[in-house]
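Asks: I'd like to ask some things about the structure below.
The values are calculated or read from the model by the stated rules, or taken from the named source; none is laboratory data. The model shown is predicted, which means the values in this text are computed figures rather than measured ones. Neighbour counts are summed over all protein chains in view; Cβ atoms, including those assigned to glycine, are modelled from backbone coordinates with ideal geometry.
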Amino acid sequence: MAFCVAPSETLPNTREIYRQCGGHVEISSPYRGCFDDLIEAMIRHIAMSGDRVHYEIIRNPLHCAGVVICYHQIPAQACQDCLDAADIKLFSGCSTAEIARIRLNDCYLRYHNESISDE
């Protein structure tokens, strides 16, 4: 029996280093939609912007912001795959948080209901 395995340099290391959640928003809250749109936009833009993206969405009176970072100079697709995994892991444990962050070995994702562009 033969197995095909992709080269390890194209696969992100998605081992979880830490996860933190704080605050609470209702799943039906407009913030939840803002955070979902924010994460999607950050992951989409990481390939065009290098290894770090700060992003903010302002929908008066809502303001949500976030940052994504990829480490170890991994390829763009591996970076996006890592951030997709981070999003899934973060949502599974922090789906109603207004502040959340997760660090995987190869990437970091954070969102908040205030500006975090100072990071």
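Asks: Quick one: what pairs do we get from the stretch 50-74, first residue closer than 16 Å to C34 by Cβ and among the small types (G, A, S), second surrounded by fewer than 16 Cβ atoms within 10 Å (Cβ to Cβ) and modelled with pLDDT under 85, C-beta under 6 Å, 6+ apart or different chains?
Replies: A65/S115
Asks: Only one residue in C79, C34 is farther than 16 Å from Y111 by Cβ and part of a helix (DSSP H, G or I), so which one is that?
Replies: C79
Asks: Testing I57 on (1) modelled with pLDDT of 90 or more; (2) of a type in the set (V, I, T); (3) over 20 Å from R19 (Cβ atoms), one condition comes back false. Which one is that?
Replies: I57 satisfies every listed condition except (1).
Asks: Right, another one. Looking only at the stretch 83-97, count every residue that is more than 17 Å from H54 (Cα to Cα) and either surrounded by 18 or more Cβ atoms within 10 Å (Cβ to Cβ) or of a type in the set (A, V, I, L, M) (or both) and tell me the total.
Replies: Count: 5.
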